[in-house]
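The values are calculated or read from the model by the stated rules, or taken from the named source; none is laboratory data. Just so you know, these numbers come straight off a predicted model, no measurement behind them. Neighbour counts are summed over all protein chains in view; Cβ atoms, including those assigned to glycine, are modelled from backbone coordinates with ideal geometry.
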Amino acid sequence: MLKTLKRRHFLTGSAALLAAPAILRGTRAYAQSPTLKVGHVSPRTGPLAGFAEADDYILKAISERFGQGIENNGKAWQIEVISKDSQSNPNRAAEVASELILNDEVDIIVAASTPDTVNPVSDQAELNEVPCITTDCPWQPYFFGRGGDPAAGFDFTYHFFWGLEDVIAAFLAMWDGAGVGKTVGGLFPNDADGNAWGDAELGLPKPLAAAGYALTDPGRYQPMSDDFSNQISAFKAAGCEIVTGNMIPPDFATFWAQAAQQGFNPKIVTIGKALLFPSVVEGLGARGIGLSSEVWWSPSHPFSSSLTGVSSADLAAGYTEATGRPWTQPIGFKHALFEVVADVVARAEDLEDPGAILAAIAATDMGTIVGPVNWATGPVKNVTKTPLVAGQWQQEGEGIDLKIVENATAPEIPVTGDLQLLG
């Protein structure tokens, strides 16, 4: 009851609730097996739906495991997961997060899949004082995109993923060994991800220059653009042999088709976000072979689930067996979100106290299917990093597979192929 009143205070601005007496602190009414509610926000539909492709598979398996209960202080707690679709829209993400907090009264809220989902959900959790765990978004757009102060951090919101420094290092390691010209064309949309990746201070420009690469950045383009002629002309004029950036799948498909039409043939194309998913690359036909991207998780990652004991290889194979579709990177991180939830539930001193849940989140130090999660390690408060490598889509029999072609940034993850130049 108190949590509901507290949350409504933040939305209504009712000063009267500030003086609410301690007697309002209600006691959760429960039978022998109490229930803790977890809200989950994900882009099931819209241009970011590839990030949520494995949601049904993961949520089904997690619900089965949670149905066995998670023990806390000698009592088996049931965990109810309530999942809502952000529709790939930041405003909708904020709206459904608010619904989960105010109407469903969730005790913890989790989210994944780019700043368009993670940031608005985290902001609602911070506003309404609800513990929140997120992933699948580079930490800079998550942290600085929400106005984070490294000296202060946030109070209720915690995030695990890699950072721009990691993706830049992985890309540079891959390009350095390719023997191509150090001329790079940058494709950065006018959104949270694109503005972070292209930022003059925190994004790609400075590290690329320091490594001797000349970056041609034609400026921000609007997402869902239908014309990349200006960018292609600029890249051709600069003799760009590499193209990089961060794009949603429809934008990359448009760019890549127009590049072919206009005779632009770079030797390496390394794009974040758009090239993560086999369905997107398959849709590009023969021109999808040889494209490269960051790799956050794969069947080759040497990690297992703390919740079920399943290996990365077996989790990926289980998804393919259940759906008939190839593995996709978000599988591991969606699973890891609920690993962390289960670990927090088991360790919290009092699951009726949001402060105790927060303390358990902050004290997390565990191994997950995507690697270690430990918020004491930084790089800033509320953020911890997971390993990252670089990969390339290559022919595998009659299909395609994302091969890990560079692991200098995380040598514990094995290389599974060699980089091949385009055309």
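Structure summary
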| item | result |
| --- | --- |
| Filter result for Pro266 (closer than 26 Å to Ala200 by Cα and of a type outside the set (Phe, Trp, Tyr)) | yes |
| Cβ-Cβ under 6 Å pairs, at least 6 apart or on other chains, the range 408-423 side touching a residue at least 12 places away in the same chain (Cβ under 8 Å) and on the phi > 0 side of the Ramachandran plot, far side surrounded by fewer than 17 Cβ atoms within 10 Å (Cβ to Cβ) and in a loop (DSSP other than H, G, I, E, B) | Gly423/Asn265 |
| So Gln124, is it outside any helix (DSSP H, G or I) and either under 21 Å from Leu307 (Cα atoms) or without any contact (Cβ under 8 Å) to a residue 60 or more places away in the chain (or both) | no |
| Search result, residues across the range 33-89 that are in a loop (DSSP other than H, G, I, E, B) and in contact with a strand residue (DSSP E or B) (Cβ under 9 Å, 6 or more places away or on another chain) | Ser33, Pro34, Pro43, Arg44, Thr45, Gly46, Leu48, Gly67, Gln68, Gly69, Ser86 |
| Subset tally (residues that are farther than 30 Å from Ile268 by Cβ and of a type outside the set (Val, Ile, Thr)) for the range 357-408 | 15 |
| Checklist (1) over 23 Å from Asn119 (Cα atoms); (2) surrounded by 20 or more Cβ atoms within 10 Å (Cβ to Cβ) applied to Lys334, failing item | (1) |
| Residues of the range 359-398 that turn out to be among the aliphatic types (A, V, I, L, M) and not in a strand (DSSP E or B), as a count | 10 |
| Qualifying position, being buried (at least 21 other Cβ atoms within 10 Å of the Cβ) and either touching a Lys or Arg at 6+ places or on another chain (Cβ under 6 Å) or more than 24 Å from Arg287 (Cβ to Cβ) (or both), among Gly198, Gly219, Gly212 | Gly198 |
| Matching residues, the range 60-77, being closer than 12 Å to Val345 by Cβ, of a type in the set (A, V, I, L, M) and buried (at least 16 other Cβ atoms within 10 Å of the Cβ) | Ile70 |
| Which listed residue, of Gly397, Gly378, Gly417, is outside the structural domain of Asp136 (by TED's automatic domain parsing), surrounded by fewer than 20 Cβ atoms within 10 Å (Cβ to Cβ) and modelled with pLDDT under 95 | Gly397 |
| Answer from Gly145, Gly181, Gly194, Gly186 - the residue that is assigned to a loop (DSSP other than H, G, I, E, B) and in contact (Cβ under 8 Å) with a residue 24 or more places away in the chain | Gly181 |
| Evaluation of Asp176 against (1) assigned by TED's automatic domain parsing to the domain that holds Glu53; (2) acidic (Asp, Glu); (3) surrounded by fewer than 17 Cβ atoms within 10 Å (Cβ to Cβ) (one fails), failing number | (1) |
| From Val167, Val184, residue being within 19 Å of the chain's Cα centre (by Cα) and β-branched (Val, Ile, Thr) | Val167 |
| Residue match in the range 305-315 (condition: in contact with a Pro (Cβ under 6 Å, 6 or more places away or on another chain) and assigned by TED's automatic domain parsing to the domain that holds Pro138) | yes |
| Any chance Val118 is within 16 Å of the chain's Cα centre (by Cα) and closer than 30 Å to Ser33 by Cβ | no |
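The rows are residues; the columns are (1) surrounded by fewer than 24 Cβ atoms within 10 Å (Cβ to Cβ); (2) out of contact with any Lys or Arg (no Cβ under 9 Å at 6 or more places or on another chain); (3) in the same structural domain as Ser229 (by TED's automatic domain parsing).
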| residue | (1), (2), (3) |
| --- | --- |
| Ile109 | no, yes, no |
| Glu126 | yes, no, no |
| Pro141 | no, yes, no |
| Phe156 | yes, yes, no |
